[in-house]
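Input: a single structure, listed below in structure tokens.
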Amino acid sequence: MTGRRPFWLFTALAFGYAFLYLPIVTLIVYSFNDSRLVTVWGGFSTRWYGELLRNEQILAALWLSVRIAAMNATFATVLGTLAALTLVRFARFRTRMLFAGMVAAPLVMPEVILGLSALLMFVTLEQMVGWPAGRGMTTITIAHITFTTAFVAVVVQSRLSQLDGSLEEAAMDLGARPWKVFLVIILPIISPALIAGWLLGFTLSMDDLVIASFVSGPGATTLPMVIYSSVRMGVSPQVNALATIIVVVVSTGVVVAGWLLHRQGRRRQS
């Protein structure tokens, strides 16, 4: 029984990885398919990458999604960090439970409810104060920020709760002001959590379809919306090429981020 255990563990691990990554590998392989049918192999070709680079609709939606995701991730990281600092550093205040519940609410709230509530809020604001004028990039960004801030707050809060408070006390005993303690000591220590939160916010924004469908307008179509509409009409090989490029870019970013975090950890230990 003991001798069989590694075999079964290896088999289960192999099936698990195959279940997760075999569809992605299949998608990458068929992105080099010469046939118009995504399920029929017609020979090796890179024609669909050229077609993708000439597709103005997909490129415009991709650029819009990247801009929204970058702004969303930046603002969500700032707001999520402030929320995490409030929950960790100010453990006792009257409305703490209410504040913590409001921060964590988007984690368990269905995206349909979030998108509908954001739409109603933007319509009401437009009727009352005239802003935002219509729905587009601004409304999508604001909706994504309210959605992803909760995820960033959870990531940063878990790192702050493990922070050794004696480091801050020692720095303040040596004459450092609170803002300098935060910039010089706390910020570098929690930087891996900030990077992870930023990447998570960027990914969630790029991947969102439901909320963006509620708060977008005719002049603002994100990449998931374009892909979803094209898939409904029939899967195009250009979608496979686009997905392959995204997988390569994301994998490269994850590897680079992991290498930087590992290098920073080794510097700390040394």
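Each reported figure results from applying straightforward, stated rules to the coordinates on display, with no laboratory input. The structure presented is a predicted model; accordingly, all values stated were derived computationally and were not measured. As a convention, Cβ positions derive from the backbone with ideal geometry for all residues, glycine included, and neighbour counts pool all protein chains shown.
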Choose one of Ala150, Trp179, Gly134: the residue whose Cα lies farthest towards the positive end of the charge dipole of the chain (beta-carbon charges +1 Lys, Arg; -1 Asp, Glu; about the Cα centre).
Trp179
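How long is the gain from Tyr228 to Leu13 if the chain were fully straight, where each residue apart is worth 0.36 nm and the alpha carbon distance is subtracted? Could the numbers behind the result be given before it?
On the way: separation 215, 0.36 × 215 = 77.40 nm, distance 3.20 nm.
The Tyr228-Leu13 span can extend by a further 74.2 nm.
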Looking at region 3-68, which trypsin sites (Lys or Arg not before Pro) are in a loop (DSSP not H, G, I, E or B) and have at most 12 other Cβ atoms within 10 Å?
Arg4, Arg36, Arg54
When the Karplus curve 6.51 cos²θ - 1.76 cosθ + 1.60 is applied with θ = phi - 60°, which whole-Hz ³J(HN,Hα) does each residue of region 140-156 get, with x for Gly and Pro?
5, 5, 4, 4, 5, 4, 5, 7, 8, 4, 4, 5, 5, 4, 5, 5, 5
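Only Cα pairs under 8 Å and at least 6 apart count here; give the relative contact order of the chain as a rounded whole percent. Please report the intermediate quantities before stating the final value.
Numbers: 268 pairs, mean separation 82.8, N = 270.
Averaging sequence separation for qualifying contacts and normalising by length gives 31 percent for the chain.
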Using the count of nearby Cβ atoms within 10 Å as a rough guide to exposure, how do Thr146, Thr39 rank from fewest to most?
Thr39, Thr146
Return Ser158, Ser31 ranked ascending by Cβ neighbour count within 10 Å, so the fewest neighbours appear first.
Ser158, Ser31
Starting from the Cα of Ser166, step 7 Å along the direction of its Cβ; do the same at Val25; then give the gap between the two resulting points in nm.
4.9 nm
If you fit an axis through the alpha-carbon atoms of helix 187-207 and take the longest principal axis of the Cα set of the chain, what angle between them do you get, 0 to 90°, nearest 10?
30 degrees
Would you please put 147-153, 223-229, 240-246, 184-190 in order of how densely packed they are, using the mean number of other Cβ atoms within 10 angstrom per residue and starting with the highest?
147-153, 240-246, 223-229, 184-190
If I model a spin label at Val248 and Ala133 as a point 7 Å from the Cα along the Cα→Cβ vector, what separation in nanometres do I get?
4.2 nm
At R0 = 51 Å the Cβ-Cβ FRET efficiency linking Leu37 and Phe90, nearest 0.05, sits at 0.30
May I ask you to order 130-136, 40-46 by the average number of other C-beta atoms within 10 Å around their residues, highest value first?
130-136, 40-46
Would you grab the residues whose amide H sits under 5 Å from the one on Ser45? Only those 5+ places off in sequence or on another chain, please, with H modelled 1.01 Å from N.
Asn33, Asp34
Toy charge model, Lys and Arg Cβ at +1, Asp and Glu Cβ at -1: the chain dipole around Cα centroid in debye, rounded to 20, equals 600 debye
What does the extension gain come out to for Val123 and Glu51, with contour length at 0.36 nm per residue minus their alpha carbon separation?
22.1 nm
How long is the gain from Leu261 to Trp179 if the chain were fully straight, where each residue apart is worth 0.36 nm and the alpha carbon distance is subtracted?
27.1 nm
Give me the orientation-averaged projected area of the Cα convex hull of the chain, in nm², one decimal.
22.2 nm²
